[in-house]
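The structure appears below as structure tokens.
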Amino acid sequence: MNNFFKVSHYSKRSKARLGEIHSDHGVMKTPGFIAAATKGTIKTLTPQQVKEIGIQGACVNTYHLVIHPGVDVIEKAGGIQKYSNLNIFTMSDSGGFQVFSLASPKRQFAAKAGLTRKADVRGEEQPMLVKISEDGVKFRSTFDGQLIEFTPEKSMEFQRKIGADINMAFDECTYYPATYEYAEKAMERTHEWLKRCIIKIGRKKIGIETGQEDGKKKVEKNPTSKFYFPNSFPNPSSTNQFLYGIIQGGTFEDLRKKSAKFVVAQNTPGVAIGGVSVGESKAEMRNQVRWISDYLPSDRPVHLLGVGQIDDIIDLVKYGVDTFDCVEPTRLARMGTIYKMSNVKLQMTNKYQISNNKIQNGEIDITRTVYRDNFEKIDVDCDCYVCKNFTKSYLHHLFKQREILGYTLATYHNLWVMEKLFEKIREAIENDLI
Ligand SMILES: [Zn+2]
């Protein structure tokens, strides 16, 4: 029986469902938001504040942790949970987005020509590409110049050492705009790599290849499980890690459907949708999820990589997405963009419509001079610690003076709003409203 994901209610109106993902570091209620913790920290927040806000999950990035402090250090420390003291449900991204999308030949060319791509919205550092092949990718770290190789097997090994609850299969994140031929090739390569990731975990699971790698730890096999649960993986924190296969296919409907069918058929414990929100329009982004809505598994969790704008989330939940990760609430917070709770309410009232219109005035820019002597609550509709205790004027002052507390307060509030949004979405599903 699959205890990893439990669905308690399927909406009568859409493919939305209410569920729980069970990990050794806590339960994640779904639909839910996974906050960006790229380098092993939800930027500016202490783990105590993370708990206070009620953040359910964090997403660390394999590429960044390989660069620094190195996965061996994290393994030695007992895994990322212990090392960071976050101790909440954690997911690790495979590194595919960084090493492929950011280091794509097109991007390298664009960088040389002084052009930038829209994928820059994710604000990642650009690795120096050395070689891309069917086997994987070699690049030089921008941090210290060391030569690093990512292959499906290496990504699995890196993620095992990091020890997050959810691991992503190594994929090629197709850049945008890509030709049909390129998107197809990248999708096929992603499928081959998923098979290799499963083989890598499978061998570990039954201990055929290495035998001794499990050391003295008892290996508990579950031959009846139809999913690839690497539950005997000897990771640093001795906890279960679950693999998600990633659906690719770019902006092409037939490729997306083909990829969804293939990835879902591999029976990984969860499924992720990748290669979206890399510069395409909102309509294209939603289409990429809508096209495959009927192919997504009903008994396993579905994660959407890199998407989390408030006005997109409800519609994507209706297509069957359970979890989201996105840097936007935290990155915008550090730029002084403060979410408004009224936007959450507005989204919930518009819940019956699928619309591509961005909601106006869904946030405020606290750096504007107009807030210099505004002594109102930061958000009149919010009762988080920040809004209860500080004024717009004070937060404006902190930002204008680049005081570190400003970034903490803004991050705290924005993530609080995200949590409230998902609470309301879960309530609405329970009542078959969406
Ligand atoms: Zn607030």
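Points worth noting:
- Contour excess over end-to-end distance, with Cα ends at Val7 and Asp254 and 0.36 nm allotted per residue: 86.0 nm
- Subset of Lys345/Lys400; Lys282/Lys345; Lys185/Lys282; Lys43/Lys377; Lys43/Lys138; Lys195/Lys257 violating a 26 Å alpha-carbon distance limit: Lys345/Lys400; Lys43/Lys138
- Gained length - Val27 relative to Asp383, 0.36 nm times residue gap less alpha-carbon distance: 125.7 nm
- Taking θ as phi - 60° and the Karplus parameters 6.51, -1.76 and 1.60, the scalar couplings of the stretch 15-28 work out to 8, 5, 9, 9, x, 9, 9, 9, 10, 6, 10, x, 9, 10 Hz in sequence order, x denoting glycine and proline.
- Amide hydrogen proximity for Ile246: with H placed 1.01 Å from N in the peptide plane, the residues at 5 or more positions away or on another chain lying under 5 Å are Ala169, Ala272.
- Residues with amide H under 5 Å from that of Ile166, placed H, sequence gap 5 or more: Thr90, Met91, Ser92, Phe242
- Taking 0.36 nm per residue of separation and subtracting the Cα-Cα distance, full extension of the segment from His397 to Lys131 would add 91.0 nm.
- Using θ = phi - 60° and Karplus 6.51 cos²θ - 1.76 cosθ + 1.60, couplings along the stretch 423-429 (whole Hz; Gly, Pro as x): 4, 5, 5, 5, 4, 5, 5
- Here the Karplus relation 6.51 cos²θ - 1.76 cosθ + 1.60, evaluated at θ = phi - 60°, turns the backbone of the stretch 146-160 into coupling constants of 5, 7, 10, 10, 10, 10, x, 5, 5, 4, 5, 5, 4, 6, 4 Hz, with x for every Gly and Pro.
- 15 Å reach of a label modelled at Asp72, 7 Å along Cα-to-Cβ, counting backbone N of the stretch 150-169: 158, 161-162
Computed from the coordinates by the stated procedures, all read-outs in this text should not be read as laboratory data. The model shown is predicted, which means the values in this text are computed figures rather than measured ones. Note: ideal-geometry Cβ built from the backbone for every residue, glycine included; neighbour counts use all protein chains shown.
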